[in-house]
1. Show me the strands (runs of 3 or more DSSP E) found entirely inside the stretch B:130-187 where at least 2 residues are among the polar types (S, T, N, Q) and at pLDDT below 90.
2. Could you tell me how many of the residues in the stretch A:38-95 are over 26 Å from A:N174 (Cβ atoms) and charged (D, E, K, R)?
3. Please go through the stretch A:101-134 and pick out each residue that is under 12 Å from the mean Cα position of the chain (by Cα), crowded, with 21+ Cβ neighbours inside 10 Å and assigned to a helix (DSSP H, G or I).
4. Wholly within the stretch B:5-94, which strands (runs of 3 or more DSSP E) include no fewer than the required count, namely at least 3 residues that are at pLDDT below 75 and of a type in the set (A, V, I, L, M)?
5. Given the conditions (1) under 24 Å from B:D70 (Cα atoms); (2) in contact with a Cys (Cβ under 9 Å, 6 or more places away or on another chain); (3) surrounded by 13 or more Cβ atoms within 10 Å (Cβ to Cβ); (4) not acidic (D, E), which single one is not true for B:T123?
6. Note down all Cβ pairs under 6 Å where the first residue falls in the stretch A:22-50 and is facing chain B (nearest Cβ under 9 Å) and among the charged types (D, E, K, R), the second is part of a loop (DSSP other than H, G, I, E, B) and surrounded by fewer than 20 Cβ atoms within 10 Å (Cβ to Cβ), and they're at least six residues apart or on different chains.
Amino acid sequence: MAGMELLSDQGFRIDGRKPNELRRIRFKKGVFRQADGSAYLEQGNTKVLAAVYGPHEIRGSRSKALHDKLLINCQYSMATFSTQDRKRRPRGDRKAQEMTSHLKQTFDAVVLTELYPKVQLDIFVEVLQSDGGNYCASVNAATLALMDAGIPMKDYVIACSGSHLRDTPIVDMNNLEESSGGAEVVMAVLPRCEQIVFLEMNSRLHEDHLSGVMDHVMVGCKDIFNVLNQQVQDELCQKTQLDKLVTTG
Amino acid sequence: MFEPATEAKLADHCTLCVHRRGILTGQAGQYNHYVWDKSIPNVELSPLCSPNFRPGPPGEQAQVLSQNMDDLLKTSGCINFEDLCICPGKLSWVLHISLVCLDYDGNIMDACVLALVAALKNTCLPAVTVDEETGDIKTDPTTHTPLSVACCPVSTSFIVFDNNILLVDPTNEEEKLATGAVTVVAEGSNLVSIYKPGGTPLRDDQIEDCIDRALERSLEAARLIDDTLCSIDR
């Protein structure tokens, strides 16, 4: 029943997008002076800030230090004004802790941690306005912030969400579509090598539909990558005053 | 969805202030503790804004600032709390004010006050109808009455350096090297508050100098806020 309102007969979604159309993405790197790297990203109405501090000496207990790898410390928090109803606990509630650990797992896999043993890297993500795709926007913003901080990574990490409505896979869901109760597939990928770093699916989805949705989400991630990479390269070219950058595939 | 929000940027220091409105049932028109809770400002200094802040519950600085904002709102008279009353004795609006520091470079008090005042001026309250018999509360999202903000308090902070030099609008580095500090909150030609938390003792004429400069700055800042708010469309 919910599928009928979320996807019209003409194939348009509730906000007028086509099923495989992404929301508008705008971002800016280097928005803060205090942080080593920072980024502000908007995906539709979801607005996220990411700040990276580090690598620096371990704060707190020395016992947490990893003798051969970088320790990544993430904190995900939602501003009290980010959702329709005022959020009572910006951080520390279960959802935020789950997100925090997902972000940590994602970036642990991508950052070249062997290069910085015994030190710590902090990634802080603050959601200013939440309209679906919080994890995706957080990952994308954190990637940009890590790039701004100069932390070596294997590739961009781009995340996108997807679902299956009325036999049509859709990508980049907003809050209404997420809370409608349909299946949600969230993927974080390395777009250039097409490898999946993080994958989560919840609610019920028929196994026949899964690979279709995953393919569409992968395409969505690559589209987001193209948007982000284009602007990043343009800014770099401007700063270094090169006509174009040498790309290695 | 993004309720009245303003971002105040003082050079590298950036604070975001957002209001949320809620409806509170209770006594109105009485100067008791309960009525004073009609506005709840909260300043957040998270590790996002500076490496000086640790994750966890609000530290001393954040709590002191929240209390300062609260006192400022209540004593400066910039909002008339009677305006927030919907049904005398039964229903009133509560303003939840969140001040989030995004990038910390000193002089957070000034940035917070600026953001707070600008956000208050940007606030609109929808019309509320209460059904007398059923007690049903209905808000009409299409009608917006702007909150009347009587005045525009502006804070100016100074630090004392080397026991006799006064520097206005200090950066983080300057604050760390300061031997004393003074904060003056002024509105037009009226003084709202003066705060000198210990530090180097100052003479009368130095404090008067600070007050004069604060009064000047308050006029400029008030004009800046008004110009900015006029230029956005509501």
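1. Correct list: B:137-146.
2. 6
3. A:L103, A:T106, A:F107, A:N134
4. B:5-10, B:13-25
5. B:T123 satisfies all of (1) under 24 Å from B:D70 (Cα atoms); (2) in contact with a Cys (Cβ under 9 Å, 6 or more places away or on another chain); (3) surrounded by 13 or more Cβ atoms within 10 Å (Cβ to Cβ); (4) not acidic (D, E) except (2).
6. A:R33/B:D12
The values are calculated or read from the model by the stated rules, or taken from the named source; none is laboratory data. None of these values were measured; they are calculated from a predicted model. A quick note on method: Cβ atoms are made from the backbone with ideal geometry, for glycine too, and the neighbour counts reach across all protein chains shown.
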